[in-house]
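Written out below as structure tokens is the structure these notes cover.
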Amino acid sequence: MNEYDSEILRGLLIKSGFVPVESEESANIVLFNGCSVREHAERRVIGRAGMLRKRKEKDERLKIIGVIGCMAQAHKEKLFGEMPYLDLICGPQHIYKIPEYLSEILAGRGPIVAVDEDKRPADRENHLLRDENIKIKAYITIMEGCNNFCSYCVVPYVRGRETSRPPEMILKEADDLVKRGIREITLLGQNVNSYAKDFNNGYTFSNLLKEVDAISDLKRLKFVTSHPKDADEQMFKAMFKLPTVCEFLHLPIQSGSDEILKSMNRKYTRDDYLRKIDIARRYMPEGAISTDIIVGYPNESDDDFKETLNVLKQVKYDTAYVFKYSPRPHTAASKMEDNVPQKVKEERNQILLNLQRDISRKNNEKYLNKKLGVLVEGFSDKCDKLLVGKTRTGKTVVFEGPQVLIGKIVEVRVHGTNASTLLGNWKKI
Ligand code: SF4
């Protein structure tokens, strides 16, 4: 979501005459588009902005430091308490006004705080200016906000209630991207299964998948995130039938304990969740499944944690994103005592990561000696002789090959695996 907002903002700023620069050191204006879902990410923004503040004190070319996005929305004016040197605090609903705000601040009429509830303008996507370096895959936001109010989550407070974008707007954006050469599109929403419910006209997320899938020359279609209470057979069927829709499902469980799930207000039980996984596997036996897990949620006992471990062992996820609980502003859970000691959170985090690493390693071994279609994304950060790409199931594949393969889907034979990567051979095929 934030990356997408950054692209909108980039377009708006360039249209208003601001010029992007190559490095932070040469910028007059630095805006942090901060995520508020986890405390850790916020602390990093605060740390980075603090470093810049020192530069601003000495270097008069640096005029504006701002925090924008849902982090700004979550903390509002209170951010000034921790970062009194900020010139701009602006929530996601107001990003389209940022060029105006920056001009005001440059004219000496700052600082500015813009965080009240507001509807984003319907035409905001007209400002979208995609980074020209994005040539292979792109995100499209299909809806914003969330109505679920999971007890730990700040999203409904910073992104508002669910609002779907009209399908024709999404289809036009997807079509334009594909014409520009984009091979893979990921549809984004906090709860994609709720897409179009606010239209009340019977149109569903599966209908949207079908229409995007029909765009000629689109090679791969992915989406995040599905909510386990809403993911239904209709969607799994659509995933199975539609050729571009990849065999990859992200289905966050958060905890394996029914008691904790109830306290989290997730509105499903462990068994409900496992039934959905069974259906998904029926339609996509070779597909990959990933999840999110929170450890150390208030009152999580050793037994609750064991339930989570059992789910991991049973589902054998391809990837699990594990987060240590931290209270988020405004949420129901933040009013509960954060009573799992940090040390226990760390231990549970490590136990889960170790278990998941073993499972991922074993899962990946099944690809040994198989030929896989890989969308080549570029050269590896670690070695510029190696190309990196992704399979339809989201597996990272590293192999030697020429630059000309970047942006193409090629067949690679897997000769080595570890928990996170498949090593392949392209030439010998
Ligand atoms: S479904 Fe729950 S966790 Fe996901 S965005 Fe909505 S409130 Fe947050």
statement: Exactly one of L31, L62 is assigned by TED's automatic domain parsing to the domain that holds A107, under 30 Å from E117 (Cβ atoms), more than 17 Å from the chain's Cα centre (by Cα) and in contact (Cβ under 8 Å) with a residue 12 or more places away in the chain, and that residue is L31
- request: Identify the single condition in (1) modelled with pLDDT of 85 or more; (2) more than 16 Å from the ligand (Cβ to nearest atom) that D123 does not satisfy, given that it satisfies every other one.
  value: (1)
query: If you scan the range 174-198, which residues turn out to be of a type outside the set (A, V, I, L, M, F, W, C), under 17 Å from L221 (Cβ atoms) and either within 16 Å of the ligand (Cβ to nearest atom) or surrounded by 20 or more Cβ atoms within 10 Å (Cβ to Cβ) (or both)?
result: R183, E184, G189, N193, Y195
Residue list for the range 213-243, restricted to those being surrounded by 19 or more Cβ atoms within 10 Å (Cβ to Cβ) and over 17 Å from T319 (Cβ atoms): L218, K219, R220, L221, H227, A231, M235, F236, A238, M239
- line: If you go through D258, D303, D272, the only one that is within 16 Å of the ligand (Cβ to nearest atom), more than 24 Å from the chain's Cα centre (by Cα) and not polar (S, T, N, Q) is D272
- prompt: Within the range 20-66, which residues are within 17 Å of L102 (Cα to Cα), touching an Asp or Glu at 6+ places or on another chain (Cβ under 9 Å) and buried (at least 21 other Cβ atoms within 10 Å of the Cβ)?
  reply: N33, I65, G66
message: Suppose the filter is in a loop (DSSP other than H, G, I, E, B), at pLDDT 90 or above and over 26 Å from the mean Cα position of the chain (by Cα); does Y101 pass it?
response: no
field: Top-ranked residue of the range 147-160 - restricted to ones that are surrounded by fewer than 20 Cβ atoms within 10 Å (Cβ to Cβ) and not in a loop (DSSP other than H, G, I, E, B), ranked as nearest to the ligand (Cβ to nearest atom)
entry: P156
message: If E117 meets every condition in (1) more than 16 Å from the ligand (Cβ to nearest atom); (2) assigned to a helix (DSSP H, G or I); (3) at pLDDT below 90 apart from one, which number is that one?
response: (2)
- line: When the range 134-146 is checked residue by residue, the ones that are more than 10 Å from the ligand (Cβ to nearest atom), of a type in the set (A, V, I, L, M, F, W, C) and buried (at least 18 other Cβ atoms within 10 Å of the Cβ) are I136, A138, I140, I142, M143
Residues being surrounded by 19 or more Cβ atoms within 10 Å (Cβ to Cβ) and among the charged types (D, E, K, R) - total across the range 318-333: 2
- prompt: Residues of the range 215-255 being in contact with a Lys or Arg (Cβ under 7 Å, 6 or more places away or on another chain) and more than 14 Å from the ligand (Cβ to nearest atom), which ones?
  reply: K219, R220, A238, L242, T244, C246, E247, F248
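The values are calculated or read from the model by the stated rules, or taken from the named source; none is laboratory data. In this text, all values refer to a predicted model and were calculated from it rather than measured experimentally. Every residue, glycine among them, receives a Cβ derived from its backbone with ideal geometry; neighbour counts consider all protein chains shown.
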